[in-house]
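Colleague: Below is a structure I'd like to ask you about.
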Amino acid sequence: MALEIIDSCTSCQACLPLCPNKAIVAAAPHFLIVADLCNECAGDYDDPQCASICPVEGAILDELGRELNPPGSLTGLPPALAALVAAASPSEVVGK
Amino acid sequence: MDHHLTGQSGSGSCSGSGGGCGSGAPGLDALGEDVRRKVAEHPCYSEGAHHHFARMHAAVAPACNIQCNYCNRKFDCSNESRPGVVSEVLTPDQAVLKTLAVAAAIPQMSVLGIAGPGDPLANPERTFAVFRELAVKAPDLKLCVSTNGLALPEHVEELARLKVDHVTITINCLDPDIGAKIYPWIFWNHRRVRGREAAEILIAQQQKGLEMLVERGILVKVNSVMIPGINDQHLAEVSRHVRAKGAFLHNVMPLIAAPEHGTYFGLTGQRSPSPQELQALQDECAGDMNMMRHCRQCRADAVGLLGEDRSSEFSLAKIAGMEIDHEAALARRVAYRAKIEAEAAEKKARAHAVPPAAKIKQVIALHPRPANGKETAPATSSDAPVTSIALAAATTPSAPPAQPRPALIAVATEGGGIINQHFGHAREFLVYEASAAGVRFIGRRGVDLYCAGEDSCGDDGESKLTKTLRALAGCEVILCSRIGIDPWRALEEAGITPNSERALEPIEEAVLATWQELAASGRLNAPAPQLRRA
Ligand code: SF4
Ligand code: SF4
Ligand code: SF4
């Protein structure tokens, strides 16, 4: 039982001090979770801490590869638009 | 960041001068003697001398504990007073090194601020590590911080202990229903909290933090982002409320939203306020105009003072190898400040020695005929806020012939209080209102406020010149040091007169002289030209 941080992470550091198990590593080019140390915060908090503060939709996945914060869940944008923004660079979005 | 947005300006570490010359500064009257003195002594506001001081922002705190709909944390979140600037995130050690290196090279350096991207108090270890080091190594530097307020109450003690003397809180509303439209979520007590509940908590924390800071005598400035249709009608109330609680300044900034910023507001078509709407609200909220004038004019970025060529001297690689004598640097800064203070005191003494009536006459003489034979009472020295005079003039019943009306005049400047910038290089303009009553600073208008950079500007088919014309809407003259022939024609077509004849003149004098020329030409007896939208 462990979460995973993927490459859409912006290395904003918000999750780093919150992990009760020190499972998060400030790696480059993006942060990583050491799977052996992560227990999804069981016993410490109701919600996984990293996924509760992370501002980037889709940056954190569960063991089955599902996004804890799917498109639209943090920005409030319609999911299709949010997914587009997540995939695009800012100037690509402009054309829409 | 703290509370700022992609391209949104945020903190800014300025506070205002007290009315140095017996101004009836309304904003300050409500404040205690102690706060008044602190404001007057703060380098950002010290009357007549603030041009000589510089501040620097260090970005050490990228994490944030809330989400604002005007911020896209994926790309950038600028809490700086410079829209669109992507700040380089430093480690606390790097930030200390850089601050000390800059403070050794530039004796003007006097304020270090920690602002965005991120919220400094959501990263308390990093923020306080910088403050602690600097308190020892450069005890003369004033420290300031900008925050969204969520974590403020728990850190007020530490801020006071470290002698942080100035805190900016971004407060966009008092009403949680409005807040729910601005903040989709906050991180609070180990949970992500959403909607109205989130806004309620945030607002309560901001207000509590404000009160706690004021109790401890720490200066509090409040920033608000004006979002048309969401909080624009609400901000006047916010202003009254926070000033009644002891915030010494309330600064309203425009929402900056464009799709390319990737923010919620940008992508959902939320519009930004027009310069005129912004100005009207700013006038309503500003309180002490003299103080606000200094705050908005502040462009005292320390590394910027060095000019483009020298900022590369402070790259991380270079500062790591610098040998600096910190004691000597400190002594140089202290000596520099003493010299500026002495000069300011001397200037003030001279100004007071001139019979004030003589100066006012010069302005009043512009009236073709005093309206009712009674001239407005001269109000103190040249540094007195012009607003008080303007009010007096406005209440004078007007009689024919019509007085020349006030005019908005824009200025391109690189700083130093003079007209010294090429029109084509200006990314923003300072706008002044000139009238028979004198000159007052209205605000800054950014050319790039609505674009993230040359690339994205090119895409939507709108040229920089078009954006510039829009930024200058309502102005009748633009004063700059030089200007090309094409923009010259475009400006004239838009009804704005370009003028480079006053290059290198002090801004306020040049603006007044320009207005006098307009008045003499009769142009100001006609109604203001229709605003032409570029
Ligand atoms: S889920 Fe909890 S334990 Fe796992 S990395 Fe995130 S914060 Fe750490
Ligand atoms: S909070 Fe999210 S974006 Fe920030 S460092 Fe952690 S995983 Fe990356
Ligand atoms: S989300 Fe955070 S970093 Fe962005 S503007 Fe708001 S407070 Fe600043």
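Colleague: Which of the residues spanning the stretch B:244-260 are more than 14 Å from chain A (Cβ to nearest Cβ), free of Cβ contacts under 8 Å to residues at least 60 places away in the same chain and open to solvent by 10 Å² or more (accessible area, probe 1.4 Å)?
Modeller: Residue satisfying the conditions is B:Lys245 alone.
Results for (1) of a type in the set (Lys, Arg); (2) closer than 14 Å to B:Val156 by Cβ; (3) assigned by TED's automatic domain parsing to the domain that holds B:Leu278, shown as yes or no for each residue.
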{"position": "B:Ile201", "(1), (2), (3)": "no, no, yes"}
{"position": "B:Lys208", "(1), (2), (3)": "yes, yes, yes"}
{"position": "B:Glu211", "(1), (2), (3)": "no, yes, yes"}
{"position": "B:Val222", "(1), (2), (3)": "no, no, yes"}
{"position": "B:Pro228", "(1), (2), (3)": "no, no, yes"}
{"position": "B:Asp232", "(1), (2), (3)": "no, no, yes"}
{"position": "B:Ala236", "(1), (2), (3)": "no, no, yes"}
{"position": "B:Arg240", "(1), (2), (3)": "yes, no, yes"}
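Colleague: Another question, if that's okay. Please specify each residue of the stretch A:49-67 satisfying the condition of being of a type in the set (A, V, I, L, M) and either within 10 Å of ligand 2 (Cβ to nearest atom) or facing chain B (nearest Cβ under 10 Å) (or both).
Modeller: A:Ala51, A:Ile53, A:Val56, A:Ala59, A:Ile60
Colleague: Could you check A:Ser52 against (1) under 13 Å from the mean Cα position of the chain (by Cα); (2) assigned to a loop (DSSP other than H, G, I, E, B); (3) at pLDDT 95 or above and say which number it fails?
Modeller: The single condition A:Ser52 does not satisfy is (2).
Colleague: Quick check: anything in the stretch B:246-255 over 18 Å from the mean Cα position of the chain (by Cα), in the same structural domain as B:Asn72 (by TED's automatic domain parsing) and within 25 Å of B:His166 (Cα to Cα)?
Modeller: Yes, the conditions are met somewhere in the stretch B:246-255.
Colleague: Provide a single number: the residues in the stretch A:2-21 that are more than 8 Å from ligand 1 (Cβ to nearest atom) and farther than 27 Å from A:Val85 by Cα.
Modeller: Residues flagged as more than 8 Å from ligand 1 (Cβ to nearest atom) and farther than 27 Å from A:Val85 by Cα within the stretch A:2-21 amount to 1.
Colleague: When only residues in the stretch A:40-49 that are assigned to a loop (DSSP other than H, G, I, E, B) and touching a residue at least 12 places away in the same chain (Cβ under 8 Å) count, which is farthest from ligand 3 (Cβ to nearest atom)?
Modeller: Among them, the one singled out is A:Ala42.
Colleague: Restricting attention to the stretch B:182-197, which residues are in contact (Cβ under 8 Å) with a residue 24 or more places away in the chain and either open to solvent by less than 50 Å² (accessible area, probe 1.4 Å) or more than 10 Å from every other protein chain (Cβ to nearest Cβ) (or both)?
Modeller: Of everything in the stretch B:182-197, those that are in contact (Cβ under 8 Å) with a residue 24 or more places away in the chain and either open to solvent by less than 50 Å² (accessible area, probe 1.4 Å) or more than 10 Å from every other protein chain (Cβ to nearest Cβ) (or both) turn out to be B:Ile182, B:Tyr183, B:Pro184, B:Trp185, B:Ile186, B:Phe187.
Colleague: Related question: Hand me the list of strands (runs of 3 or more DSSP E) wholly inside the stretch B:82-187 holding 1 or more residues that are closer than 24 Å to B:Gly266 by Cα and touching a Leu at 6+ places or on another chain (Cβ under 8 Å).
Modeller: In the stretch B:82-187, the matching strands (runs of 3 or more DSSP E) lie at B:142-147, B:166-170.
Colleague: Can we say B:Arg196 is among the basic types (Lys, Arg), in a helix (DSSP H, G or I) and under 22 Å from the mean Cα position of the chain (by Cα)?
Modeller: The answer is no for B:Arg196.
Colleague: Here are some conditions: (1) in contact with a Pro (Cβ under 9 Å, 6 or more places away or on another chain); (2) within 16 Å of ligand 3 (Cβ to nearest atom); (3) not in a loop (DSSP other than H, G, I, E, B). A:Ser11 meets all but one. Which one does it not meet?
Modeller: Just one mismatch for A:Ser11, condition (3).
Colleague: Looking only at residues that are open to solvent by 70 Å² or more (accessible area, probe 1.4 Å) and not in a loop (DSSP other than H, G, I, E, B) in the stretch A:14-37, which one is nearest to B:Leu90 (Cα to Cα)?
Modeller: A:Pro17
The values are calculated or read from the model by the stated rules, or taken from the named source; none is laboratory data. Fair warning: this is a prediction, and the values are worked out from it, not measured in the lab. Quick reminder, even Gly has a Cβ in these numbers, built from the backbone with ideal geometry, and neighbours come from all protein chains shown. The area values use the complete protein model at the heavy-atom level, side chains included, leaving out ligands, DNA and RNA. Shrake-Rupley method; radii C 1.70, N 1.55, O 1.52, S 1.80 Å.
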